[in-house]
Structures are given as C-alpha cells and as structure tokens.
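Data block below; observations after.
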C-alpha cells in the first residue's frame, strides 16, 4: 500500500509540474522556429559629459553588435525612466531599444552579455536593461 501511495504522489507531482515550454510546443506557423528574443535598453545619458552621440552609437553598433549578430537586429529610439539606486532619484533619459531574435544557444547568450557589458564600459552606464523570452519567429 505504501508503494502505491508513493507512486500516486509521484504521479501527481509530475502532472502538477509544468513540463511544456515554447521550445517544445510546435510553432503556430509552419515556417517559424523557436528563438530567443532579447530586448536591450541602452540609456544615452553619460555622467559628466553630453549624451552618447549619433556617431558614437553608430560606431558601437557597427563594431560590437553587427559582428556578433550578422543575422540582424532592430533598433528604435525611446524615452526611459528608472530609479537610481545610489541617489534614489528618478532619472529620465533618451534611450535606444534593440531587439535581437536568434537561435537560443550558449554562444548567443554570451554575445548578448558581451554587448551589454561593452556598452556599460564604453559609456559609463550603471546597467543595460535586458529582457529575454522564448518566442516563435520566422525571417
């Protein structure tokens, strides 16, 4: 009887645990495949100087993003707001949002981290916002 209860409890635990992810579900359209979709949020204000210029941004993308993501990406302008953890003040600034859709691999994840780290260092940023999700896509 105890073995039966253990087996039953195990079965319920397995059924209660979500097992399906986007990568396992079929994509809705036949030409789509599961991909990692990443949004990066780059603040353009630089402490102690003017904002990141258009030419600085273009050079950063050309030298640091394009070689890592030759399959492509999208960039658009935005206005951001965040709470500075050091001063506890609200900061509003112009920003760039980059969307990258690529195969979900360790190499792609490393490249996303590299882009974020390189931008933070080049333009003295406290952080670069990063949102990732698994989606179905076709290009």
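Where a number appears in this text, it was derived from the coordinates with a stated rule and is not lab data. These figures come from a predicted structure and were not determined experimentally. Here the Cβ is made from the backbone with ideal geometry for all residues, glycine too, and neighbour counts use every protein chain on show.
Here the residues 44, 29, ranked from fewest to most Cβ neighbours within 10 Å of their Cβ, fall in the order 29, 44.
Across segment 27-137, C-alpha contacts under 8 Å between residues 6 or more apart give a mean separation that, scaled by the residue count, equals a relative contact order of 46 percent. Kirkwood Rh over alpha-carbon pairs of segment 27-137, then Stokes-Einstein at 4 °C and 1.567 mPa s: what D in µm² s⁻¹, rounded to an integer? Answer, rounded: 86 µm²/s.
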